[in-house]
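In what follows, a single structure is set out as structure tokens and then discussed.
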Amino acid sequence: MDKATIVITGGAGGLGTSCARALQAYKLVITDYAQDAVDRAVADLRASGADAEGFACDISDERSVARLVEFSKRQGPFRGLVHTAGVSGTGGDPQKVFTIDLLATALLLDAFYGLATPGSAVVLFSSMMGHVVPPDPRYDGALRDPRREGAYAVIEPFLAGSADNMYNFAKRGVLLLCKDNAMRFGRMGARIVSVSPGVIMTPMAKKALEEHPEVMRKTLDMTPVGRYGLPGDVASLVAFLISDGAGFITGTDIVVDGGVLTQMLK
Ligand SMILES: NC(=O)c1ccc[n+]([C@@H]2O[C@H](COP(=O)([O-])OP(=O)(O)OC[C@H]3O[C@@H](n4cnc5c(N)ncnc54)[C@H](O)[C@@H]3O)[C@@H](O)[C@H]2O)c1
């Protein structure tokens, strides 16, 4: 029988690479923006014995996502989607952050819904920063339905022009999409969960460390476990969430941040 397949977006990135290693028992579809990065990630995985295929895809492009779904279908029975692809807000354009971190998440969910079968699971990536944005009916409707016409224009007045703020709002949107999709995926016998990493030492966090050393120091001082996270801290959680052992967990978020959020929201 064909091996069950896990699709990993951002599969060439810091957390995606680590999740792929933790999920090597499955057939892996590694997808990321650039073909050369995908090829390198797949070659590394194969060198360590994994059964991996690669597919370059821009997750913000609906047609590209549809091709990814078709490719994934051909690889074997669908077992899960681990959606790590994203961009940080740092120095960026708020609308680009909206498109990649939130709109593309909604696109992927709608596209992969057709593959959901009993026992399969989706793991989305929010962030501890998604938890610092308060609930507010003025923008929550647009965060919940980013594909609707004019959604960005509804959120934009709350951003003060900052892509970092848009990142936090997008990650709140991911939390809401996870909750809102639980019943829909549940009807197919499938689960959906989000994870909210704190500061995990990947290229994305290393860039933040260079650009905001004082903020990062303060964050570390407030972290009960007294260290930054490692990609493996997140990957082991994701492997559990995909497994049957997590069969009664859906529609919720798990924070993996060394406890820092408990101190930030005190
Ligand atoms: N590293 C952290 O400290 C941290 C903290 C909280 C949340 N997160 C979240 O975890 C996820 C993974 O973060 P990471 O640290 O591995 O980041 P990373 O930058 O190492 O990897 C992200 C990957 O996403 C890919 N990507 C970006 N735009 C894309 C697009 N349009 N189409 C396809 N692929 C695209 C990039 O090419 C990259 O390989 C992100 O969603 C991030 O917001 C990370």
Sort largest first and round to whole Å: the equivalent ellipsoid semi-axes of segment 1-76, each the square root of five times a Cα gyration tensor eigenvalue.
-> 18, 15, 9
Options G92, S243, A66, ranked by Cα towards positive dipole end of the chain, top entry (Cβ charges) | S243
Starting from the Kirkwood radius over alpha-carbon pairs of segment 130-179, derive D by Stokes-Einstein at 37 °C in a medium of 0.692 mPa s and give it in µm² s⁻¹.
-> 308 µm²/s
Among the DSSP beta bridges whose two residues both lie in the chain, what percent are antiparallel, rounded to the nearest 5?
-> 0 percent
Relative packing of peptides 10-20, 106-116, 191-201, 220-230 - highest average C-beta neighbours within 10 Å first | 10-20, 191-201, 106-116, 220-230
State, to one decimal in nm², a quarter of the convex hull surface area for the C-alpha atoms of segment 1-145, i.e. the direction-averaged projected area.
-> 9.5 nm²
Is there a pair in K3/K206; K171/K266; K73/K171; K73/K179; K171/K206 whose C-alpha atoms are over 24 Å apart, and which pairs would that be?
-> K3/K206; K73/K171; K73/K179
³J(HN,Hα) computed for each position of segment 248-253 - Karplus, 6.51 cos²θ - 1.76 cosθ + 1.60, integer Hz, glycine/proline x | 10, 10, 7, x, 9, 10
A convex hull over the alpha carbons of the chain yields, per residue, a volume in Å³ of 127 Å³
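Throughout, read-outs are computed from the coordinates displayed, never taken from laboratory work. What you see is a predicted model; the values in this text were computed from it and never measured. No Cβ is skipped: glycine too gets one built from the backbone with ideal geometry, and neighbour counts run over all protein chains shown.
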